[in-house]
Amino acid sequence: MTYLERSLAPGEEIVCEGRWPMIYWVMAWAALLLLGIFVVGVLIFARAAIHMSVTQFGVTSQRVVIKHGWLHGGTRENRTLKVEGVSVGQSFWGKLFGYGRIMVTGTGEAHLVFPPMANPVAFRRAIESARIAHDEHEVHLAEEDREVIREAAENGAREDDAPPPRANAQ
C-alpha cells in the first residue's frame, strides 16, 4: 500500500499517481551495466533506484502530494482548493522522451516542485480536473449575509439601495 493510499481522508480518492520517466530507469541500469565492474556503477544505480522507489507523488480528489525519503523524509501537500497555478517545464530531451517537471503554486507561500515525471501534461490535467471538481463555484456565506441577499432579491433593490457594509467585530 502506497503512502497516498494510506493517507486518504474519508471520501477522498486518488485521481492520478505520478511515475518516474522510463529514461531515468534506463540511465540507472546503464550506469550499473557499463560501470558495474567498478563500485561507482553500483553506487550510482543504488542511489537512483532507492530515490525513485521512495519518492511518491500524486493527486487526490482533495490534495496534491509529494512524499520523499525513506529513513529521513517528509511530505509536502497542498489542497486542490488552494492551487492557484500549475506550470509544466520540459527540456528538449524531456519532450523527446516524454518527461518533465511540474510546479504548483498555491495561496500564500505554498510552492511545490515535483521531481521529473513521465507524462507531466496528463498530471497537470489531473490537478486541474481535481481542482475544478472540488470547487463547484460554491459560495459560502454567513447566515446574516444570506438574509441581506434574500431581502435585496425580494425587494428588487438596486445597487445604490444596498445597505452599508457591516463592520467586522473583533
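Does ARG76 satisfy the condition of being of a type in the set (D, E, K, R), out of contact with any Ser or Thr (no Cβ under 7 Å at 6 or more places or on another chain) and either modelled with pLDDT under 85 or farther than 26 Å from MET1 by Cβ (or both)? Against the criterion (of a type in the set (D, E, K, R), out of contact with any Ser or Thr (no Cβ under 7 Å at 6 or more places or on another chain) and either modelled with pLDDT under 85 or farther than 26 Å from MET1 by Cβ (or both)), ARG76 does not qualify.
Residues in segment 60-90 that are under 27 Å from ALA9 (Cα atoms) and outside any strand (DSSP E or B): SER61, GLN62, GLY69, TRP70, LEU71, HIS72, GLY73, THR80, LEU81, LYS82.
Look at (1) open to solvent by 80 Å² or more (accessible area, probe 1.4 Å); (2) farther than 19 Å from ALA122 by Cβ; (3) in a helix (DSSP H, G or I); (4) of a type in the set (A, V, I, L, M, F, W, C) and you find that TRP93 fails only one, number (2).
Candidates in segment 26-38 are the residues that are under 27 Å from ILE66 (Cβ atoms) and free of Cβ contacts under 8 Å to residues at least 24 places away in the same chain; of these, the one that is surrounded by the most Cβ atoms within 10 Å (Cβ to Cβ) is ALA31. When restricted to residues that are closer than 18 Å to ALA118 by Cα and in contact with a strand residue (DSSP E or B) (Cβ under 6 Å, 6 or more places away or on another chain), segment 5-20 contains 6.
Within segment 39-59, how many residues turn out to be surrounded by fewer than 15 Cβ atoms within 10 Å (Cβ to Cβ) and either farther than 20 Å from THR2 by Cα or hydroxyl-bearing (Ser, Thr, Tyr) (or both)? The number of residues fulfilling the criteria is 7.
State whether one or more residues within segment 16-25 are in a strand (DSSP E or B) and open to solvent by less than 100 Å² (accessible area, probe 1.4 Å). Yes, segment 16-25 contains a residue that is in a strand (DSSP E or B) and open to solvent by less than 100 Å² (accessible area, probe 1.4 Å). In segment 60-86, which residues are within 19 Å of ALA126 (Cα to Cα) and exposed (fewer than 12 other Cβ atoms within 10 Å of the Cβ)? Matches in segment 60-86: GLY85 only.
Within segment 96-118, the set of residues being among the β-branched types (Val, Ile, Thr), surrounded by fewer than 17 Cβ atoms within 10 Å (Cβ to Cβ) and within 23 Å of TRP25 (Cβ to Cβ) comprises VAL113 only.
Quick one: is LEU8 closer than 30 Å to ILE132 by Cα, outside any helix (DSSP H, G or I) and hydrophobic (A, V, I, L, M, F, W, C)? Judged against the criteria, LEU8 is a match.
The values are calculated or read from the model by the stated rules, or taken from the named source; none is laboratory data. Since we're looking at a predicted model, the values are computed, not measured. Reconstructed Cβ throughout: ideal geometry from the backbone, glycine too, with neighbour counts over all protein chains shown. To get the accessible areas, we keep the full protein, side chains included, count just its heavy atoms, and leave off ligands, DNA and RNA. Shrake-Rupley method; radii C 1.70, N 1.55, O 1.52, S 1.80 Å.
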